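*Asks:* Below is one structure. I have some questions about it.
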Amino acid sequence: MRGGIRVVRGLAALAGLVVLAYLGGIGYLRVNEKAFVFEPAERTVRAPASMLRLAERRVTYASADGVVVSAWVVPAAEPALNMWLLICHGNLGNIGHRLPATARVGAL
């Protein structure tokens, strides 16, 4: 009987440690949430190299909350196609980090 109580107490202590570790992990993620979601990067966007021949045009848009969003309009390689492609690069970095991909897509 005494051995059975020890096992139950041991399992209860182990379950308590698992719950405590889980709650600690959740707390850590909650406190450091912004560090996992957003990594500040350089905000300066340089013009693409002339060798890429993108013929980009910079456009800006002021959103309702006052944030100015900028983008490049890159025409298709064949102007007669009158096609557009919107590339959304996410929250890390800036459009300047996507130049090689932009150049490849622009050549299509």
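The numbers here are math on the coordinates, done by the rules we state, and not lab data. Fair warning: this is a prediction, and the values are worked out from it, not measured in the lab. Cβ sites come from the backbone with ideal geometry, for glycine too, and all protein chains shown count toward neighbours.
*Asks:* Taking 7 Å along the Cα-to-C-beta vector as the label spot, tell me the VAL59-ALA13 distance in nanometres, rounded to one decimal.
*Replies:* My value for the distance between the label points is 6.7 nm.
*Asks:* Additional query: Kindly rank 21-28, 54-61 from highest to lowest mean number of other beta carbons found within 10 Å of each residue.
*Replies:* Highest to lowest by the protection proxy: 54-61, 21-28.
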